[in-house]
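I have placed the structure first, in the form of C-alpha cells, so that the comments after it can refer back to it.
The values are calculated or read from the model by the stated rules, or taken from the named source; none is laboratory data. Keep in mind that this is a model prediction, so the values were computed, not measured. Here the Cβ positions follow ideal geometry from the backbone for every residue, glycine too, while neighbour counts run over all protein chains shown. Accessible surface is based on the protein model in full, side chains and every heavy atom, while ligands, DNA and RNA are left aside. Shrake-Rupley method; radii C 1.70, N 1.55, O 1.52, S 1.80 Å.
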Amino acid sequence: MTNCTLNVTLIGDGAIAKAILERLTNHAKLRITHVVVRAEKIAMTQAELEKISKGCTAVSHVPESAALVLECAGHSAIHEHVIPALERGVPCGIVSIGALSDEALVEALSRAASQGGTQVHLLSGAIGAIDALASAKLAGLDSVTYTGRKPPLGWKGSPAEDVCDLSAITQPTILLRAKAREASHLYPKNANVAATVSLAGLGLDHTEVTLIADPTITENIHEVEAHGAFGSFKLEMRGKPLPDNPKTSMLTVLSALRFLENQTSPITI
Ligand SMILES: NC(=O)c1ccc[n+]([C@@H]2O[C@H](COP(=O)([O-])OP(=O)(O)OC[C@H]3O[C@@H](n4cnc5c(N)ncnc54)[C@H](O)[C@@H]3O)[C@@H](O)[C@H]2O)c1
C-alpha cells in the first residue's frame, strides 16, 4: 500500500484494456502510464490513447519504471511480458487465466515470481465465489462442478457445431461433460472460467465441467457447485456485457479495477 500514485502498465489494447483505461482516467492514486502492444501497433494505439487517456504511452515492452503490471492480452503476452516483469520483481495481475490450463506456464510463472521476490495475482474475472472456493480448499473439497450455459449462437465456431445443429435445437443440449483440462483444451474460449474455478479449487483433473447450448436463455450463465468439509455452495452468475462494449464482460473489467484499487487502498476486500 502506498500514499503515492501507483504507476501501472497494462498489457493489451483490446476490449478489457480500453474499458479499464476509460474508468481510471483522472484516478487519484492509480495512473496507467504505459500500454504494451505488439511493435507494429504502437503508432495506431498511441493515436487511440490520445483520445482515451492522455499521458499514457504505447510501448512494445514493460518499461523499467512499472510498479505494477496488469495483463489483459492473452497466452503469448504472459510468456513475452509477464514472466520477464516478474523476474525483475514487478508484481503482475493476470486476467487470461485460461492460459494457465497449461501446467508448464503455471510453473514458469511461479519460478519467475520466486526469482523476482514478488507475486503473480490471478484475477477472478467473470466468475464469483473464488474467495469461498479457495478458502474451502484449505479444509478439503470433495467435489467442484462448473456448468457453462450459452445461447446456441454463442457456441458458433467451436466443436459444438459437430455435436448438434446450433441453429435448430429447441431444448438445452449438453455439448461436453469432461474434466476441466479437456474442456479448456477443446473449448479455449470458455477456458477462463473453467481454469479459474479449477485453480482455486480441485485442479484441472478433478473439476467436472459441463457445457450446454441453451435456446431458452439470452445471456451466458455460469454455475459453480462445491462440496467439502466447509459445507457446500451453489453459485449462479448471469453476467452482463459492458453497456458501451458488448464484447467485454462487465465483471471481468470490474475485477481488474478491484485488484488495482486494492493495491492503493488502506483497506482491502
Ligand atoms: N478471466 C476471465 O474471466 C476473462 C473474461 C474475459 C476475457 N478474459 C481474457 O482477457 C484477455 C483480454 O480480453 P479482451 O476481451 O480484452 O480481448 P481482445 O481480443 O479485445 O484484446 C486482446 C488484445 O491483446 C493484444 N495482444 C495479444 N497478444 C499480445 C502480445 N503478446 N503482446 C501485446 N499485445 C497482445 C491483441 O492485439 C488485442 O488487442 C483474453 O485473453 C481473454 O481470454 C478473461
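Looking at Pro246, Pro266, which one is assigned to a loop (DSSP other than H, G, I, E, B) and closer than 30 Å to Arg31 by Cβ?
Pro266
Restricting to region 54-96, and then to whatever is more than 30 Å from Val209 (Cβ to Cβ) and among the charged types (D, E, K, R), can you tell me which residue is farthest from the ligand (Cβ to nearest atom)?
Top of the filtered list is Lys54.
Which residue, of Lys18, Lys41, Lys51, is in the same structural domain as Val90 (by TED's automatic domain parsing), surrounded by 16 or more Cβ atoms within 10 Å (Cβ to Cβ) and either more than 15 Å from the ligand (Cβ to nearest atom) or among the charged types (D, E, K, R) (or both)?
Lys18
Restricting to region 54-78, what's the tally of residues that are under 24 Å from Gly125 (Cβ atoms) and either small (Gly, Ala, Ser) or surrounded by fewer than 15 Cβ atoms within 10 Å (Cβ to Cβ) (or both)?
The number of residues fulfilling the criteria is 6.
In region 25-46, how many residues are of a type in the set (Ser, Thr, Tyr) and in a loop (DSSP other than H, G, I, E, B)?
1
Taking Arg258 as meeting all but one of (1) open to solvent by less than 90 Å² (accessible area, probe 1.4 Å); (2) modelled with pLDDT of 95 or more; (3) within 23 Å of Leu21 (Cα to Cα), write down the number of the exception.
Only one criterion in (1) open to solvent by less than 90 Å² (accessible area, probe 1.4 Å); (2) modelled with pLDDT of 95 or more; (3) within 23 Å of Leu21 (Cα to Cα) is unmet by Arg258, namely (1).
Identify all residues within region 147-182 that are within 15 Å of the ligand (Cβ to nearest atom) and under 30 Å from Ala229 (Cβ atoms); write none if there are none.
Gly148, Ala180 - these are the residues of region 147-182 that are within 15 Å of the ligand (Cβ to nearest atom) and under 30 Å from Ala229 (Cβ atoms).
Of the residues that sit in region 97-115 and are within 21 Å of Ala67 (Cβ to Cβ) and open to solvent by 20 Å² or more (accessible area, probe 1.4 Å), which one is nearest to the ligand (Cβ to nearest atom)?
This residue is Gln115.
Please find, within region 24-56, the residue that is farthest from Gly116 (Cα to Cα) out of those that are in contact with a helix residue (DSSP H, G or I) (Cβ under 7 Å, 6 or more places away or on another chain) and not hydrophobic (A, V, I, L, M, F, W, C).
For region 24-56, the residue satisfying everything is Ser53.
Kindly establish whether Glu22 is outside any loop (DSSP other than H, G, I, E, B) and at pLDDT below 95.
Here the answer is yes, as Glu22 does meet what is asked.
Exactly one of these conditions fails for Glu50: (1) farther than 22 Å from Pro91 by Cα; (2) modelled with pLDDT of 95 or more. Give me its number.
(2)
Quickly run through region 183-206 and pick out the residues that are more than 8 Å from the ligand (Cβ to nearest atom) and more than 24 Å from Glu161 (Cα to Cα).
Scanning region 183-206 gives Val197, Ser198, Leu199, Ala200, Gly201, Leu202, Gly203, Leu204, Asp205, His206.
Every residue in region 21-38 that is within 14 Å of the ligand (Cβ to nearest atom) and either in contact with a strand residue (DSSP E or B) (Cβ under 7 Å, 6 or more places away or on another chain) or open to solvent by less than 60 Å² (accessible area, probe 1.4 Å) (or both), please.
Passing the criteria: Leu21, His34, Val35, Val36, Val37.
Might you let me know whether region 99-113 holds any residue that is β-branched (Val, Ile, Thr) and over 30 Å from Asp214 (Cβ atoms)?
Scanning region 99-113 turns up at least one residue that is β-branched (Val, Ile, Thr) and over 30 Å from Asp214 (Cβ atoms).
Given the conditions (1) modelled with pLDDT under 95; (2) out of contact with any Ser or Thr (no Cβ under 7 Å at 6 or more places or on another chain), which single one is not true for His222?
That leaves (1) as the condition not met.
Given the conditions (1) in a helix (DSSP H, G or I); (2) more than 14 Å from the ligand (Cβ to nearest atom), and given that Thr118 satisfies all but one, which numbered condition is not satisfied?
(1)
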